[in-house]
Amino acid sequence: MSDVKVSVIVPVYNVEKYLRKCLESLVNQTLKEIEIICINDGSEDSSLDILNEYASKDSRLKIVTQENSGLSIARNNGIKLAKGDYIGFVDSDDWVDLNFFENLYNGAIKNNADIAVASIRKVLEDKIEEYVIKYNVEKTETKVDKKYKLAQIPKFNYVWNKIYKTSAFKKLGIFFKEHTYFEDIYFSPRVVYYLPRMTSVKNTAYYYRYNNSSITQNINAKKINDAIEGKKFAQEFVQKNKIVKGVGGHWY
């Protein structure tokens, strides 16, 4: 096993307002054997300065700067660099509980799981709102329909409330679809389908910053088309693989 238990991949683009809170939650994790791979995606604000400040104090934080290429390419480049036994994703305007990666890692090891999944809480205008997903018990599933239900796919396709066993994940050769919005729709249904063993963990959460106004104000033709194409892809995938209906009783 690697000396690094979890590689945390953090795409960063113009998030100076929120980045410190994200990084504070990572450098202070109770699981110390992590690496924090920050992909600076051509930020034009002070995000890179903040990253350099934290990297100068913590050698576990690694910075890669690329031309602005989008979230998917940033994540994909992080995956290629990951050395940990497991891979996790954190968006740079979000944060996690301080025991987040310890709980996920311990749950994965205890249950010999390829994926471990944790609760999500929504944050609206810096106020912590209700749970989007909450796990009160530890549960391990191996059947595809049970894994989908545990992860609450297709209702939620989030990648960042989970960790993935690196060796098994990299064998799949699945990366994020580039140059598209809603890239998680292409990613999560396939990864959860192919990785054989998933477990849930309790008593920790990912804090997802939800900006309703930006979503509604920035709708454009590409976003609409990408949403349609993503849902079509996921629907065809589950139909092809004869997966039973998911949470909510239907596929999209």
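The values are calculated or read from the model by the stated rules, or taken from the named source; none is laboratory data. Note that the structure is predicted; figures quoted are calculated from it, not measured. Heads up, the Cβs are rebuilt from the backbone with ideal geometry, glycines too, and the neighbour counts pull from every protein chain shown. These area figures cover heavy atoms from the full protein model, side chains too; ligands, DNA and RNA do not enter into them. Shrake-Rupley method; radii C 1.70, N 1.55, O 1.52, S 1.80 Å.
Can you tell me which of I219, I185 is more than 20 Å from I120 (Cβ to Cβ) and not in a strand (DSSP E or B)? Exactly one residue qualifies, and that residue is I219. For the residues A74, A151, A116, the requirement of being of a type in the set (A, V, I, L, M, F, W, C) and touching a Gly at 6+ places or on another chain (Cβ under 6 Å) singles out A116. Filter the stretch 1-14 for residues that are within 17 Å of the chain's Cα centre (by Cα) and either surrounded by fewer than 22 Cβ atoms within 10 Å (Cβ to Cβ) or charged (D, E, K, R) (or both) and give the result. Across the stretch 1-14, the qualifying residues are K5, Y13.
Does D126 qualify as being at positive phi, touching a Lys or Arg at 6+ places or on another chain (Cβ under 9 Å) and not small (G, A, S)? Outline the logic, then answer.
Working: at positive phi: yes; touching a Lys or Arg at 6+ places or on another chain (Cβ under 9 Å): yes; not small (G, A, S): yes.
Yes; evaluated as a whole, the condition is true for this residue.
Looking only at the stretch 159-170, count how many residues are open to solvent by 50 Å² or more (accessible area, probe 1.4 Å) and either modelled with pLDDT of 95 or more or of a type in the set (V, I, T) (or both). Steps first, answer last, please.
Step one: filter the stretch 159-170 for residues open to solvent by 50 Å² or more (accessible area, probe 1.4 Å), giving 165, 167, 170.
Still in the list and also either modelled with pLDDT of 95 or more or of a type in the set (V, I, T) (or both): 165, 167.
Count: 2.
Tell me, please, whether a residue that is in a loop (DSSP other than H, G, I, E, B), open to solvent by less than 30 Å² (accessible area, probe 1.4 Å) and of a type in the set (V, I, T) can be found in the stretch 72-92. Among the residues of the stretch 72-92, at least one is in a loop (DSSP other than H, G, I, E, B), open to solvent by less than 30 Å² (accessible area, probe 1.4 Å) and of a type in the set (V, I, T), which makes the answer yes.
Say we look at the stretch 96-110 and pick out the residues that are of a type in the set (A, V, I, L, M) and open to solvent by 50 Å² or more (accessible area, probe 1.4 Å); which of these is nearest to the chain's Cα centre (by Cα)? First the steps, then the outcome.
Narrowing the stretch 96-110 to residues of a type in the set (A, V, I, L, M): 96, 98, 104, 108-109.
So of that shortlist, the ones also open to solvent by 50 Å² or more (accessible area, probe 1.4 Å) come out as 98, 109.
Numbers: L98: 16, I109: 19 Å.
Here the answer is L98.
When the stretch 21-41 is filtered for residues that are out of contact with any helix residue (DSSP H, G or I) (no Cβ under 6 Å at 6 or more places or on another chain) and open to solvent by 20 Å² or more (accessible area, probe 1.4 Å), the ones remaining, listed by number, are K21, E24, V27, N28, K32, E33. Evaluated against (1) over 18 Å from the mean Cα position of the chain (by Cα); (2) of a type in the set (A, V, I, L, M, F, W, C); (3) more than 24 Å from Y210 (Cα to Cα); (4) crowded, with 20+ Cβ neighbours inside 10 Å, A55 falls short on exactly one condition, (4).
Which residues, taken from the stretch 134-166, are polar (S, T, N, Q), outside any loop (DSSP other than H, G, I, E, B) and under 17 Å from the mean Cα position of the chain (by Cα)? Result: T166, single match.
Residue by residue, here is whether (1) over 16 Å from the mean Cα position of the chain (by Cα); (2) among the β-branched types (V, I, T) holds:
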site: R60; (1), (2): yes, no
site: I79; (1), (2): no, yes
site: D94; (1), (2): no, no
site: N112; (1), (2): yes, no
site: E125; (1), (2): yes, no
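Here E53 meets each of (1) within 18 Å of V96 (Cβ to Cβ); (2) part of a helix (DSSP H, G or I) with one exception, condition (1).
The rows are residues; the columns are (1) at pLDDT below 85; (2) of a type in the set (S, T, Y); (3) within 20 Å of the chain's Cα centre (by Cα); (4) within 25 Å of K110 (Cβ to Cβ).
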| position | (1), (2), (3), (4) |
| --- | --- |
| F175 | no, no, yes, no |
| D184 | no, no, yes, no |
| V191 | no, no, yes, yes |
| E236 | no, no, no, no |
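State which residue is farthest from F237 (Cα to Cα) when the search covers only the stretch 181-201 and only residues that are in contact with a Gly (Cβ under 7 Å, 6 or more places away or on another chain) and hydroxyl-bearing (S, T, Y). It comes out as T199. Looking at F89, is it touching a Phe, Trp or Tyr at 6+ places or on another chain (Cβ under 6 Å) and either of a type in the set (F, W, Y) or on the phi > 0 side of the Ramachandran plot (or both)? Criteria met by F89.
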